[in-house]
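The structure appears below as structure tokens.
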Amino acid sequence: MSTAQIRHYFHSRTGHLALTYLAIIMAMTIIFSTVLFSLASRQFDRPIEPHGTQRIIVAPSDDLLALLNQRAADARAELFLNLVVLNLAMLGFGLWLSTYLAGRTMEPIEKAMREQIQFVSDASHELRTPLTALSSLNEVVLRRTKKISDAEARELATQNMQETNKLYMLTSSLLGLVNADQQQVTLSPVDLQQAVSDAMEHIISAAQEKSIEVEDTTPKAHVQSQSERLMQVIKVLLENAVKYSHPGGVVRVYATVHGSVVVLHVADTGVGIAEQDMPHIFSRFYRADQSRNKEQHDGYGIGLAIAKSISDQLGMNLRVKSKIGEGSVFSIDLPLVKE
Ligand code: ADP
């Protein structure tokens, strides 16, 4: 569905909803007015009797009766007119109120739908790249008339494998992104040193391959969090720190304690992030210009979106300070558990 189609769809849905709201408001106003009018009419119609409930000591003359009846009829007509005016005013107000309420109701739904469509379109775009590579590799072989040698077959299988691995990594990341939003939040004390060292295990061989030194001075502390998801966030930050560091660089993990909060930092001496990219790096599928060159830095712009989503759910306030060419420091706040 295109943006114009979504807008048109929601425009007509908002109109329908506004009409439904207006019908409800007007039905209530009309019912209220009818009940009020019939109750008042009953009072106007009560006969004036010398021995009735009214305390009339002298029997009223015919002229007085006619006058009283006339006043009752006038009062009824005036009440009717006032109620009609009130209902017309309510129609105008109801029209404004129902349009406003329908707009407010549909706004978050439209936003969610736009995000879903954007997500599907970005994911399809990313999936298409390795798929295209796979199909062109196979096409080249199928078009060949000459017999394929063992070495060529092995080379082809290796390239196929690489593209298949990329697809696997991408689908895992996409699943991670979907799961990040959907898990329940139940916090419990987590050993911070353990979480960091579990995350380290995933990056240590990549760091060694690039001769990157990894320093971990995380203090012994327990924090209120979710161990698996905290580890996932630290893992994303460490993976990026290694990925965006130059060979021979240094990645440091350390923590500072501020009262009842432990701030965990993952710092690198890598490429850094440009000022203009800073507001976007936590958005899904966003990659800064210098990272787009996938030959240099493999990735899909999903890691930080997952880390941000988890951090927001666990109240960890993930943030970054960075200088292009000098490196970056990503930080998260964790509530300290008093031992
Ligand atoms: P990916 O690394 O797969 O591109 P991420 O969502 O993890 O996706 O990161 C988004 C972007 O933020 C990256 O493309 C990169 O431009 C930038 N970035 C993240 N971490 C770092 C870092 N430590 N140093 C420099 N740039 C970084």
Counting Lys +1, Arg +1, Asp -1, Glu -1, what net charge surrounds V329 among other residues with beta carbon under 11 Å of its beta carbon?
+2
Whole-angstrom Cα spans of the range 119-182 along principal axes, big to small:
52, 19, 9
Given all pairs of different Cα atoms, what value in angstroms does the Kirkwood hydrodynamic radius of the range 3-116 take?
18.1 Å
May I have the extent of the alpha carbons of the range 57-155 along their three principal axes, as whole Å values ordered from largest to smallest?
127, 21, 21
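What is the extension gain from R71 to Q116, computed as 0.36 nm multiplied by their sequence separation minus the C-alpha to C-alpha distance, in nm to one decimal? Please list the in-between numbers first.
Working: separation 45, 0.36 × 45 = 16.20 nm, distance 6.58 nm.
Taking R71 through Q116 to full extension adds about 9.6 nm, to one decimal.
Past the 19 angstrom mark, what percentage of all C-alpha to C-alpha distances in the range 188-337 do you count?
49 percent
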Can you list residues from other chains, or at least 5 along the same chain, whose modelled amide H is less than 5 Å from the amide H of R319?
S331
Below 20 Å, Cα to Cα, which lysines can K338 reach? Residues fewer than 8 away in the same chain don't count.
K220
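Considering only protein heavy atoms, with the full assembly of protein chains and a 1.4 angstrom probe, order M316, M26 by accessible area, largest first.
M26, M316
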What percentage of the solvent-accessible surface of the range 190-230, computed with a 1.4 Å probe over protein heavy atoms, is contributed by carbon and sulfur atoms?
45 percent
Projected convex hull area of the chain, Cα atoms, direction-averaged, in nm², equals 32.6 nm²
Whole angstrom only: what separates the Cα centroid of the range 250-283 from the Cα centroid of the range 1-50?
56 Å
Average Cα contact separation per residue, the range 211-308, under 8 Å, 6 or more apart, as relative contact order %
27 percent
Can you give the angle from 0 to 90° between the axis of helix 150-182 and the longest principal axis of the chain, with both taken from C-alpha atoms, to the nearest 10?
30 degrees
Can you tell me which lysines have their Cα less than 26 Å from the Cα of K210? Leave out same-chain residues fewer than eight positions away.
K166, K235, K243, K294, K321, K323
Relative to the longest principal Cα axis of the chain, at what angle does helix 192-209 sit, 0 to 90 degrees, rounded to 10?
50 degrees
Given a 1.4 angstrom probe, I'd like the percentage of the accessible area of the range 119-182 that is carbon and sulfur, rounded to a whole number.
58 percent
Per DSSP helix of 4 or more residues, -39500 (n - 2.57); summed, then divided by the residues of the chain. What does that give at 222 nm, rounded to the nearest 500?
-22500 deg cm²/dmol
Can you give the angle from 0 to 90° between the axis of helix 3-45 and the longest principal axis of the chain, with both taken from C-alpha atoms, to the nearest 10?
20 degrees
Accessible carbon and sulfur surface of the range 3-116 relative to its total accessible area, %, 1.4 Å
67 percent
Counting only heavy atoms of the protein chains, get the accessible area per residue of the chain (1.4 Å probe) and round it to a whole Å² value.
63 Å²
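The values are calculated or read from the model by the stated rules, or taken from the named source; none is laboratory data. Source: prediction; values computed, not measured. So basically every Cβ, Gly included, is an ideal-geometry build from the backbone, and we count neighbours across all protein chains shown. Heavy atoms of the whole protein, side chains included, go into the accessibility calculation; ligands, DNA and RNA do not. Shrake-Rupley method; radii C 1.70, N 1.55, O 1.52, S 1.80 Å.
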